[in-house]
1. Please compute the average number of Cβ atoms from other chains found within 10 Å of each residue's Cβ in peptide A:82-95.
2. Please give, to one decimal in nm, the separation of the simple spin-label points placed at B:Arg375 and A:Glu211, each 7 Å out from Cα toward the Cβ.
3. Assigning unit charges at the beta carbon (Lys, Arg +1; Asp, Glu -1) and nothing else, what dipole magnitude in debye, to the nearest 20, does the stretch A:1-104 show about its Cα centre?
4. Quick query: amide H of B:Gly71 versus all other amide H atoms, modeled in the peptide plane; which residues come in under 5 Å with a sequence gap of 5 or more or a different chain?
5. For a quick check of your reading of the filter: which trypsin sites (Lys or Arg not before Pro) in the stretch A:254-292 sit in a DSSP loop and have no more than 12 other Cβ atoms within 10 Å?
6. Can you put A:Val412, A:Val349, A:Val370 in order, fewest other beta carbons within 10 Å first?
7. Distance cut-off 28 Å, Cα to Cα: go down the list A:Lys219/A:Lys371; A:Lys46/B:Lys272; A:Lys219/B:Lys451; A:Lys219/B:Lys271; A:Lys51/A:Lys219 and report the pairs above it.
8. Treating only the Cβ atoms of Lys and Arg (+1) and Asp and Glu (-1) as charged, compute the dipole magnitude of the protein assembly as shown about its Cα centre; round to the nearest 20 debye.
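Derivation of every value follows stated rules applied to the coordinates shown; laboratory data play no part. Being a predicted model, the structure only gives us computed values, none of them experimental. FYI the Cβ positions are ideal-geometry reconstructions off the backbone, even for glycines, and counts take in every protein chain you see.
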Amino acid sequence: MTDLQQLAQDVIASALKSGATAADCTIREGSEFHATVRCGELEQLKEAGSKAIGLRVFCGQRVASAYSSDFTAAGVAQLVASALAAARVTSEDPMAGLPPPEEAGQITEDLELFHEDVAQRDPAALIAAARRAERAAFEFDPRIRNSEGSTFSASAGRKLLVNSQGFCGEYRRTSCSLSVTPIAVPAEEGNAAGMQQDYWYTASRRLAALEPPEQVGRKAAERAVRRLGARKVPTARVPVVFDQRTAGQVLGSLLEAVSGDAVYRKASFLAGKLGQTIAAPSVTVVDDGTLRGGFGTVPFDDEGVRTRRTVVVENGVLQSYLLNSYTARKLGMKTTGNASRGLAGNPGVGAHNFFLQPGSARPEEIIRSVKNGFYVTDFMGHGVNLVTGDLSYGAAGLWIANGELAYPVEEVTVAGNLLEMFQGIAAIGSDLEFRGWLACPTLLIAEMTVAGT
Amino acid sequence: MHSASAFFEQRYGVTPSDLEKYLAAALSAGGEYADLYFEHRATTSISLEESLVKGATQGVSVGCGVRVLSGERTGYAYSDDLSSEKILRAARIAAQISSGPARVSAVGLADRSLPRNLYPVVQAPTDVELAPKLELVFRADRAARAYDARICQVRVGYMDEVRYVLNASSEGVVAGDYQPLTLLHVFCLAQDHGQRQRGFSGGGGRVDLQFFLGDKPPEHFAREAARQAIAQLSAVEAPAGEMEVVLGPGWPGILLHEAVGHGLESDFNRKKTSAFSGRIGQRVASELCTVVDDGTIPHRRGSLNVDDEGTPTAQTVLIEKGILKGYLQDKLSARLTKAALTGNGRRESYAHIPMPRMTNTYLLAGDSDPQDIIRSVKKGLYAGNFSGGQVDITSGKFVFTASEAFLIEDGKLTRPVRNATLIGDGPTVLRHVSMVGNDLALDEGIGTCGKDGQSVPVGVGIPTVKVDRLTVGGTG
């Protein structure tokens, strides 16, 4: 047993001794490194480590929690005391509790989450990579005249969970990313009008798997330059193509709608729709916590339940919600191992690696199939109403005329209803790529409202 | 006023000579400037749903951030352990942003904590027992459910925190602050004939619990959230396209925050990445518009005695009668552009690097009667409440999403419309302001602004305003 596991066991023992009937304790420890290079010069360097402890206690059906960054004996005593004090005044919730013991467990094989090349990083090499990526952006096109910088981030963390039912688990993870945000400026001097920025990034759990810095820089520059000269378009109902980034945001709204919290509260437009057709027959959506080296991969969820692969939508039919033990009890179902929590508070629901299965069409083919439509490459705002499924985002991208990307578009909105959008998916790209825990290929929606002039 | 320096000395043994020692270590490799930011944050949060308090959390986080500046470079490190050894280690890491022998030394530190206190409280909210806070959330729940039988779901959240912060810089200044903050919010779902709609309201500020026992009781927020949810049940599709838009008073001031506020933060302007870069002295709004950022309004959520770099906050005129006057400064940008400090250097916590941020941003009142403004519109949209916004600093395009809006037809508010995002261009939108009401209101104290992954509490305000042209992103 590690020192921190012992500490967590002691905290739980102390909570039980002080009157708790059950408890769980999480400890998180991590280090972070960020270097930003801007216009060729190192601009920011940040490096630090931290750790913190969270405790959740049950007094019968009452629950409360506490957190602290103070690991001294007095700090730990205070942690236990304040959690218990709060648990004396919260309400009796018949559904409160740790997960059923038979659900407890963890994946024991190596999930390839921790990599020494990130943990033993050489700061100078990471700064050099950030510099190379930004330089490639500047060299891509003379109109890249400015930059918000190029940032290399690397982090390593350790997370453990112990509960009073005997669960004890711990894992370590690393992650790293390189992002570049170049700015395209149409005129040589002095005029801020018409400037455009965009970004691109690569991310992985190990340094060796990152895309080459030059590739990231060029892609970012290409995205920024093609926005120059963007204009508004007249309001119309047209086919809309979402690129990987914006399609991912649309898929993110589906994720929120299948999360057990929103479902049992009837705050989701997908509440009560299990077994129903909610999307085009070509649509299959999966949450998989077991992909080796994945950003959403963990051996157990934040309640100590073994992670798994869950098919959420299969051939257009809603097959499963994503649940933790609480939302499962509320809905009369079983947990899907999707408990997610911060240091303290009740667990919520979080996805692992959440993705829409790719189709066979290349993105260029999808664009070519559209006679007159909008290729969306950027969303702005938070315009989704999960209760109704109504969606309205600020958008930028390129207009499609006769199957070609004709000119850049900005200051417009796209609006529709998520249920109608998923049912109206007319093509799915073959371009599924994981840059985080959520990924979606290019999507074509048959018709949406684009509002402009 | 609670002395932050005494707090850190008594509780953690941090003495004035320690501060000098840490600053010297931070400057040991040739940095031009260094500062320390000690923070102790205690929080409470309570959540209610299904008429049950399902959770309560109390917690403490403590740490110290060390920053070193060298030209345009920033070195940063932090420690969540306030022992000498750990802070010295962080100082030496941050020092590495520069290389060479020490060139500057910290001059004699003097405590310059302000005599003023913008947010005196009778009792720290975190020192109050949980029971009266629970009573607030139960009262909100009862009021929301009593509002209308169609309210089928109520969620209430209560949060409070108290921060002790201590800034010490190599310029010799020590400035402490004691910052309370509370927030109560209510979310309602209404259901009728299979239709479901939501409503949301909340408020608070740098206040103690008395705030919720006076003019702004929990019932006030509960009824407002319930009212919105019920009103939305009869909402029709929002229109799509350019039209006249009237913004209601208060929270719709988020327009200023997104459309102009962020674009006037000095880091973007120093780097020439903002659509407002190089426009000081130019017309960016109609003559009716004067916009200020004011960190000194008593008890407001966005107010601070000193910013997170120890600079006293102030009232800064950003736009005066339509002409761009100034930017919001933090120490780094002010040093590099030789500008005066405005008290806008802010950070989320000790683990974050400060940057220029807004405090409370609002548009001064004009002289139009709000009713006349609505009457002047033949066909347009009245937006009374928003759920959030975002801006692209470089292109200047901004959005905000209306959570409560009505069609204006022949000078009258008619039907409520479903959620719609509005999109516009920051440097030009205020030029289309043709009427400004005499009813300036600040929001209820619920705003949180995100920038570069850092969240800070802010305030906004606006009177009723008519914008002649804005794109509304509905489907109808």
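1. 5
2. About 5.9 nm separates the two model spin labels.
3. That gives the stretch A:1-104 a dipole magnitude of about 340 debye.
4. B:Glu32
5. For trypsin sites (Lys or Arg not before Pro) across the stretch A:254-292 that sit outside H, G, I, E and B with at most 12 neighbouring Cβ atoms in 10 Å, the list reads A:Arg292.
6. Listed from fewest to most nearby Cβ atoms, that is A:Val370, A:Val349, A:Val412.
7. Violating the 28 Å limit, Cα to Cα: A:Lys51/A:Lys219.
8. Value, rounded to 20: 520 debye.
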